[in-house]
Structure formats: structure tokens, C-alpha cells
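As C-alpha cells, the structure follows; a few thoughts come after it.
The values are calculated or read from the model by the stated rules, or taken from the named source; none is laboratory data. All values derive from a computational prediction rather than experimental measurement. Here Cβ is always computed from backbone atoms with ideal geometry, including for glycine, and neighbour counts include all displayed protein chains.
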């Protein structure tokens, strides 16, 4: 997937932060999921979630590589992932939240995969060929992520009273972070005029319909937040991201420019 720098340079002031948002969000969720490696409830699902983490990491790499080509030769994917400070990250707040129990992790993945599925289905038609190619390549992975997480939401929600209670608790834990998935940044609004980004209001009803369908089968109730938390795209994050990055970046910051 090769970009055309001459085509993209005029949009770089908006396109770079947009690419970083997409990269950061998938990278941080990838890291959160990787924390379950060796700790999943059963071996098969431990491996499944680890593979989802790897898929998300691959998506992050593609977006970082594209951002780096727009930023110049002094940047690369490693510098963008490992040498930026927390207030420079533009990920959604939901992905930096602690894993909690298995129910919270599953519901977070379901919310995000559902959003990403409809998002990439629109992004694949972007007038920016590079973004369209990344989204097209990732859609098979995301389709699996959505199916896997949906099945787990239903399995736990429609399981025992205890598992249903845990899933309803997960709804409460995450409810403040859902609305941000559909808040447009200034960069997205500018790029939308050129059919590069997508209209988040267009995918919100699709997301809601899918969530309600799965919740109905899982005998669960969706909960709305009266005070949603937003600001991740503008670099306003919680202590959770600071702690996560301290762990994720420690090797590169301790031994700069290390290579395998």
C-alpha cells in the first residue's frame, strides 16, 4: 500500500492527527488485550484475544507508517508509538481503561469492534487511497472481532445470574466512554469535506441497532451516560494511559534506538 505524497501533502495538517488517532486507538487497545495473555479464562479464548491484539497492532502499524510518510524522514512507526508523551496520544478514552474482569474486557471489545466494523466499511471508500486500502485490508479481521465479542456478550449475558450481573456491571463501568466514539474532531470535520474521513453520525444508528440486537439476545439492558467523558482525540487522558505508556515504552526510552 503505497501512498502518493504529492496528493496528500495539502491535507497533512489534518491528515496526520487523523492517522495518529486511528493508530493510537488500535495500539492502546492492542496493548490492553495483550495484558490478558496467559491469564484468559480458558486457553482457547486466551489465544483468541491475543490474536485480536495482534490484529489491532498490525492496523496500528499501517496507520503509523502512513503518518510517518506525511511527517518526514525523521519519523517512523517506532518513534510514534514509543517516544510520544501521553498528551500527544489521540486514542479514544474507552480503550485505555483498565481491563477489569473478563466481562468488562469483552464488552469493551464488542463496543469497539462494532464501531470499527461500520467505521471501516465507510473508510474503505475514502478518497484517500491509502486509508481506504488499510480499512479494506482490516475488515476481515474486524468482522471476526465483532462476531467473537458478540458471541461472548450473549454467552455471558444469557448465562447464569452471576454472569449476567457481571455483564450489566460492565455496562455501567463503560457507559461514560461510549459517546466519545461518535464525537467528530476538527480534523475529521475538515477531512469529511473532501470525503477522506467519515461522518460519525452516519454510523451511530448502525452501531446502536447492532448493540441493541445483541443485548436483547443477551437479556441485557443498555445504559446511557448523563455525563459522557470526551477529549481523547485532543490528548486529554486519564492516569490509566500514563501508567500504560510507562510500561509499554520503558524499553525504548531506557535504551533509545534499540533494534532486535
Item to complete: Filter the stretch 187-198 down to the residues that are within 12 Å of residue 126 (Cβ to Cβ) and out of contact with any helix residue (DSSP H, G or I) (no Cβ under 6 Å at 6 or more places or on another chain), then identify the one that is surrounded by the most Cβ atoms within 10 Å (Cβ to Cβ).
Response: 196
Item to complete: For the stretch 78-103, enumerate the residues that are in contact with a helix residue (DSSP H, G or I) (Cβ under 7 Å, 6 or more places away or on another chain) and within 15 Å of residue 235 (Cβ to Cβ).
Response: 80, 86, 89, 90, 91, 92, 93, 95, 96
Worksheet item: Got a sec? Which of 110, 75, 63 is in contact with a helix residue (DSSP H, G or I) (Cβ under 6 Å, 6 or more places away or on another chain) and free of Cβ contacts under 8 Å to residues at least 12 places away in the same chain?
Response: 75
Worksheet, complete the sentence: Scanning the stretch 209-247 residue by residue, those surrounded by fewer than 17 Cβ atoms within 10 Å (Cβ to Cβ), in contact with a helix residue (DSSP H, G or I) (Cβ under 7 Å, 6 or more places away or on another chain) and outside any loop (DSSP other than H, G, I, E, B) turn out to be 217, 240, 242
Item to complete: Could you please let me know if residue 134 is within 20 Å of residue 27 (Cβ to Cβ) and either part of a helix (DSSP H, G or I) or touching a helix residue (DSSP H, G or I) at 6+ places or on another chain (Cβ under 6 Å) (or both)?
Response: yes
Fill in: Count of the stretch 190-204 residues which are assigned to a helix (DSSP H, G or I) and within 19 Å of the chain's Cα centre (by Cα)
5
Item to complete: Please indicate, with yes or no, whether at least one residue in the stretch 63-74 is more than 24 Å from residue 128 (Cα to Cα), modelled with pLDDT of 90 or more and in a helix (DSSP H, G or I).
Response: no
Response to the item:
Flagged in the stretch 41-60 as crowded, with 17+ Cβ neighbours inside 10 Å and either free of Cβ contacts under 8 Å to residues at least 12 places away in the same chain or within 15 Å of residue 104 (Cα to Cα) (or both), in numbering order, are 49
